[in-house]
Amino acid sequence: MGRILALVVAVLLLVAAALLWLAPATLVAPRLERATDGGVSFADADGSVWKGRASLVAGGIRVPMAWSIDPLPLAKGELHVRVTPHDGAATGAPRADVTWRDGRAVVRDVDVVLPAAWMVAAAGIRVPWRPTGDLAVTVATLEWAPPASRGEARIVWRDARIAFPAGGAPVDLGTVSATAAASGDRLAGPVSNEGGDVTVRGEFGLRGGGDADVTLLVTPRHADDAALARALAGIGTPEGSGWRLTWRGRAR
């Protein structure tokens, strides 16, 4: 009797594993939406939970990607996910290798390009301007395990522009770069730019709980640009020949 029961249990486990292996990728969608408070959703999902592809949608913008989950580490309570290009190309973004266990996340070999507007919408960040351009994020290795986080991420905002609700011409920021170092429960670093209508210098920070802060000194390259001065005066405070822009809020 004991052997029969053990055989039944083994068969049930095999069936459950097979069903899970074949579970459609669409099952990921509700979990993702709950985790991001509806900020990110799935579209055009194809494949299984273990190996599939879909578009991540935020702010009406779609970012296609594919993923695979290694089943073997699950036996020791570890989740290992690889993100690859949607079309299976050998080169190109997005790419990432993510391991999670007991609240500790390690990301490696990250190469991701995201529309700036997508990132703002996905994070649920409310700012008094509308960003355009693309954010390129690269990471060799970053371990997020507060209070012992370590590693760094390189962020480059290409073709960076911001538009204001009041209208007027967008402000060209050129190429904005930041190197964010992980320490304790915080990811922070300096911000600077090259090119564009203004010089940008400052820093940003993001804590594990989602609290974010940005402080920038934005200085027009041409002192006689009255329209730009008015736009900056509407969102910042005068400081020397520029304006200090400070924002504090909470990401999802």
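The values are calculated or read from the model by the stated rules, or taken from the named source; none is laboratory data. Here the structure is a predicted model, which means the values were calculated and not measured. All Cβ positions, glycine included, derive from the backbone under ideal geometry; neighbour counts span all protein chains shown. Ligands, DNA and RNA are stripped out before the accessible areas are found, and what is left, the full protein with its side chains, is counted by its heavy atoms. Shrake-Rupley method; radii C 1.70, N 1.55, O 1.52, S 1.80 Å.
Filtering region 46-59 to residues that are on the phi > 0 side of the Ramachandran plot and touching a residue at least 40 places away in the same chain (Cβ under 8 Å) leaves only Gly59. Highlighted here are the strands (runs of 3 or more DSSP E) found entirely within region 175-252 that include at least 1 residues which are farther than 30 Å from Trp144 by Cβ, open to solvent by less than 30 Å² (accessible area, probe 1.4 Å) and not β-branched (Val, Ile, Thr): 211-220, 242-250. Hey, among Ala160, Ala166, which residue is loosely packed, with under 15 Cβ neighbours inside 10 Å and either at pLDDT 95 or above or not in a strand (DSSP E or B) (or both)? Going through Ala160, Ala166 in turn, the sole match is Ala166. Quick check: is even one residue across region 61-73 open to solvent by less than 40 Å² (accessible area, probe 1.4 Å) and either touching an Asp or Glu at 6+ places or on another chain (Cβ under 6 Å) or without any contact (Cβ under 8 Å) to a residue 12 or more places away in the chain (or both)? No, there is no match, as no residue in region 61-73 is open to solvent by less than 40 Å² (accessible area, probe 1.4 Å) and either touching an Asp or Glu at 6+ places or on another chain (Cβ under 6 Å) or without any contact (Cβ under 8 Å) to a residue 12 or more places away in the chain (or both).
If a residue has to be within 25 Å of Ala182 (Cα to Cα) and under 21 Å from the mean Cα position of the chain (by Cα) to count, how many in region 66-101 make the cut?
The number of residues fulfilling the criteria is 15.
Name every residue in region 138-156 that is open to solvent by 40 Å² or more (accessible area, probe 1.4 Å) and either in contact with a helix residue (DSSP H, G or I) (Cβ under 6 Å, 6 or more places away or on another chain) or part of a strand (DSSP E or B) (or both), in order of residue number. Listed by number, the residues that qualify are Thr138, Ala140, Thr141, Trp144, Arg150, Glu152, Arg154, Ile155. Only one entry of Arg53, Arg3 meets the criterion of being at pLDDT 70 or above, open to solvent by 30 Å² or more (accessible area, probe 1.4 Å) and either more than 30 Å from Gly210 (Cα to Cα) or under 22 Å from the mean Cα position of the chain (by Cα) (or both), and that entry is Arg53. Output the number of residues of region 120-132 satisfying the condition of being under 20 Å from Pro64 (Cβ atoms) and touching a residue at least 60 places away in the same chain (Cβ under 8 Å). Qualifying residue count for the region: 4. Out of the residues in region 198-214 meeting the condition of being modelled with pLDDT of 95 or more and not small (Gly, Ala, Ser), tell me which one is farthest from Thr175 (Cα to Cα). Here the answer is Glu203.
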